[in-house]
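Q: Can you keep this structure in mind? I'll have questions shortly.
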Amino acid sequence: MASGRESWSSRLGFTLAAVGSAVGLGNMWRFSYMTAENGGAAFVMLYVLMTALVGLPVMLAELTLGRGAARSPVQALIHYGGRPWGALGIVFVLAGVAILSYYGVIAGWTVRYGIEALTQGFPADAGDKFGAIATGGAAVAWHLGFLAVTTLVVSGGVRGGIERAALWLMPALGVLVVGLALYAATLEGASAGYAFYFQTDFGALADMDVLKDAAGQAFFSLSLGMGAILTYASYLSRDQDLPAESVTIALSDFAVAFIAGLVVFPLIFALGLQDEVGGSTLGALFITLPKAFASMGTAGTVIGVAFFAALVVGALTSAVSLLEVVVSTLIDQTGMERRTAALVCGGAIALLGVPSALSLDVLGLVDQVGGQLLLILGGLALAIFVGFFMPDPTGEASEGSRFGALLFAWRALLRFVVVPILAVVSVYTLIDTWNALAALVAG
Ligand code: PFF
């Protein structure tokens, strides 16, 4: 085992960093538009089911592999499975590179919206504004700026950079989101938003397309399927209770997504903007909400700035975890110094994101392939590995845990529930990706 490997300074530090990885643009931007696209509460129910039944076991699998091997993904998989499984680690790193490349673009929009709202308020013509800033030279510049900050945090190391940022930023995010939800509850007409959010269309529960999106969203939101949680767990000590951690991380992530819905839907419905949400998939957050803020005067500016600040915080702590997967791999493979590795990886990914900053079609496609397909396939392969091939995962997972006696059920869940569900979801996701590619090629 690599002695002198970095480690977290406290249990809370790890928990907050892992929650920081999970909570991000996925909870607010992706969750709200996925919910809107898939018919409200039915999607939310399937998403909860996927989080509990599939997400949680895979989360524990990543935690177990990472802590057990105390290595970054490629080496961790080789350690337990031999050379061929190392290839899966390479897929993880590629997924991280792909996701961060467009995540930086969206985070760049978010930072810009927040700063410009602070200085100029929200414009009434939010649709035009989004059209004007989403792509082009300025989008490239804000994306590069965001990735520069991300790189800075990662080059500070596990304790001095990642953990320190999470300790400050995550509590702030929690306060902001809860405050916003309380405010939204006071709006006249908020109840129509709650009705949309909670009213269930049971037919949609059997819809494979909704199921596929719910599974994809669970993986994206929980940061699963590409080794981010695995990498963070590789800096853990052996006395941390992994099953308990996986529940804490998943519950916190769900809580923020759920509360974000309690902000977004009442606001949209109270201001009568519901018809605009379905129009653009990206629209719920960057077009409809700013419209709502603009029509609310000064209060809208304050609330809107708080909302975008929370979003920026979530985006930064998630981007840090994406970059850390790539950086820790480079460090473990080459012995490169952390700062140099952070600069090399951050710089390369920043450049790879430029096409996404120039075209929404490219951004959407990279999200489809990196943020959806690769995570599902990565999660499936990981569940197969830990479920069938890893020697004694239950023993490793139960070390330091109060729940060791329950863990036989975990391996059975991986084998007989997670693998079959993800296999079916993979097929649907592959078809979907193929169609998206074909549509793009056909113009
Ligand atoms: N979970 C993050 C979010 O919800 O925004 C995104 C993400 C981070 C996905 C890290 C995957 C990952 F490995």
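Q: Looking only at the stretch 130-142, filter to residues that are surrounded by 16 or more Cβ atoms within 10 Å (Cβ to Cβ) and of a type outside the set (Ser, Thr, Tyr); which one of those is nearest to MET296 (Cα to Cα)? Spell out how you get there, then give the answer.
A: Going through the stretch 130-142, the residues surrounded by 16 or more Cβ atoms within 10 Å (Cβ to Cβ) turn out to be 130, 133-135, 139-140, 142.
Imposing the further condition that a residue be of a type outside the set (Ser, Thr, Tyr) reduces the set to 130, 133-134, 139-140, 142.
Values: PHE130: 19, ILE133: 23, ALA134: 24, ALA139: 27, VAL140: 31, TRP142: 27 Å.
Ranking the candidates gives PHE130 first.
Q: How many residues, within the stretch 114-136, are touching a residue at least 24 places away in the same chain (Cβ under 8 Å) and outside any loop (DSSP other than H, G, I, E, B)?
A: Residues of the stretch 114-136 that are touching a residue at least 24 places away in the same chain (Cβ under 8 Å), as a first pass: 114, 117-118, 121-124, 126-127, 129-130, 133-136.
Within this subset, residues satisfying the condition of being outside any loop (DSSP other than H, G, I, E, B) are 114, 117-118, 126-127, 129-130, 133.
So the answer is 8.
Q: Tell me yes or no: at least one residue of the stretch 177-192 is touching a helix residue (DSSP H, G or I) at 6+ places or on another chain (Cβ under 7 Å), in a helix (DSSP H, G or I) and under 26 Å from GLY379 (Cβ atoms).
A: no
Q: Give me the residue from the stretch 366-397 that is among the polar types (S, T, N, Q) and within 16 Å of the ligand (Cβ to nearest atom) and, out of that set, farthest from PHE408 (Cα to Cα).
A: GLN368
Q: Being surrounded by fewer than 24 Cβ atoms within 10 Å (Cβ to Cβ) and within 14 Å of the ligand (Cβ to nearest atom) is the filter here, so list the residues in the stretch 33-49 that pass it.
A: Residues satisfying the conditions are TYR33, MET34.
Q: Considering each of LEU251, LEU222 in turn, give the residue that is surrounded by fewer than 24 Cβ atoms within 10 Å (Cβ to Cβ) and either under 18 Å from LEU16 (Cα atoms) or not β-branched (Val, Ile, Thr) (or both).
A: Within the list LEU251, LEU222, the selection yields LEU251.
Q: For the stretch 2-15, what are the residues that are on the phi < 0 side of the Ramachandran plot and surrounded by fewer than 24 Cβ atoms within 10 Å (Cβ to Cβ)?
A: The answer is ALA2, SER3, ARG5, GLU6, SER7, TRP8, SER9, SER10, ARG11, LEU12, GLY13, THR15.
Q: Can you report the number of residues in the stretch 218-235 which are more than 9 Å from the ligand (Cβ to nearest atom) and either at positive phi or in contact with a Leu (Cβ under 9 Å, 6 or more places away or on another chain) (or both)?
A: Count: 5.
Q: Among the listed residues GLY127, GLY161, GLY114, GLY145, which satisfies the condition of being more than 22 Å from THR301 (Cα to Cα), over 19 Å from the mean Cα position of the chain (by Cα) and buried (at least 17 other Cβ atoms within 10 Å of the Cβ)?
A: One residue alone meets the criteria, GLY161.
Q: Exactly one of these conditions fails for ALA61: (1) of a type in the set (A, V, I, L, M); (2) over 21 Å from VAL327 (Cα atoms); (3) away from the ligand (no atom under 15 Å from the Cβ). Give me its number.
A: (3)
Q: Further, regarding this structure: So GLY81 passes all but one of these: (1) touching a residue at least 24 places away in the same chain (Cβ under 8 Å); (2) within 16 Å of the ligand (Cβ to nearest atom); (3) not acidic (Asp, Glu). Which condition number does it fail?
A: Going through the list (1) touching a residue at least 24 places away in the same chain (Cβ under 8 Å); (2) within 16 Å of the ligand (Cβ to nearest atom); (3) not acidic (Asp, Glu), GLY81 breaks only (2).
Q: Within the stretch 395-443, can you find the residues that are assigned to a loop (DSSP other than H, G, I, E, B) and either small (Gly, Ala, Ser) or closer than 28 Å to ASP207 by Cα (or both)?
A: GLY400, SER401, GLY443
Q: Hey, does the stretch 130-137 have a residue that's among the hydroxyl-bearing types (Ser, Thr, Tyr) and under 21 Å from PHE307 (Cα atoms)?
A: No, every residue in the stretch 130-137 fails to be among the hydroxyl-bearing types (Ser, Thr, Tyr) and under 21 Å from PHE307 (Cα atoms).
Q: Might you check whether a residue that is in a helix (DSSP H, G or I) and more than 25 Å from the chain's Cα centre (by Cα) occurs anywhere in the stretch 348-365? Explain how you work it out, then say what you get.
A: As a first pass, look at the stretch 348-365 and keep what is in a helix (DSSP H, G or I): 348-352, 354-358, 360-365.
Imposing the further condition that a residue be more than 25 Å from the chain's Cα centre (by Cα) reduces the set to none.
The answer is no, given that none of the residues of the stretch 348-365 is in a helix (DSSP H, G or I) and more than 25 Å from the chain's Cα centre (by Cα).
Q: Working carefully through the options THR334, THR301, find the one that is modelled with pLDDT under 95 and among the β-branched types (Val, Ile, Thr).
A: On the way: THR334 fails: modelled with pLDDT under 95.
One residue alone meets the criteria, THR301.
Q: Any residue at all in the stretch 198-214 that is within 16 Å of the ligand (Cβ to nearest atom) and either over 15 Å from the mean Cα position of the chain (by Cα) or assigned to a helix (DSSP H, G or I) (or both)? Before the answer, list the steps.
A: Start the filter on the stretch 198-214 by keeping residues that are within 16 Å of the ligand (Cβ to nearest atom), which leaves 213-214.
Add one more test, that the residue is either over 15 Å from the mean Cα position of the chain (by Cα) or assigned to a helix (DSSP H, G or I) (or both), and what stays is 213-214.
Yes, the stretch 198-214 contains a residue that is within 16 Å of the ligand (Cβ to nearest atom) and either over 15 Å from the mean Cα position of the chain (by Cα) or assigned to a helix (DSSP H, G or I) (or both).
Q: Considering only residues of the stretch 225-248 that are among the hydrophobic types (A, V, I, L, M, F, W, C) and within 14 Å of ARG11 (Cβ to Cβ), which is surrounded by the fewest Cβ atoms within 10 Å (Cβ to Cβ)?
A: Going through the qualifying residues, I end up with ALA244.
Q: Return yes or no: is MET28 assigned to a helix (DSSP H, G or I), modelled with pLDDT under 95 and within 16 Å of the ligand (Cβ to nearest atom)?
A: Criteria met by MET28.
Q: Oh, and also: Filter the stretch 396-440 down to the residues that are within 24 Å of GLU245 (Cβ to Cβ) and among the polar types (S, T, N, Q), then identify the one that is surrounded by the fewest Cβ atoms within 10 Å (Cβ to Cβ).
A: Per the stated criteria, the residue is SER401.
Q: Looking at ARG83, ARG71, ARG67, which one is under 19 Å from LEU414 (Cα atoms), of a type in the set (Lys, Arg) and modelled with pLDDT of 95 or more?
A: Answer to the check: ARG67.
The values are calculated or read from the model by the stated rules, or taken from the named source; none is laboratory data. Being a predicted model, the structure only gives us computed values, none of them experimental. Because the Cβ atoms are built from the backbone with ideal geometry, glycine has one as well, and the counts that use them run over all protein chains shown.
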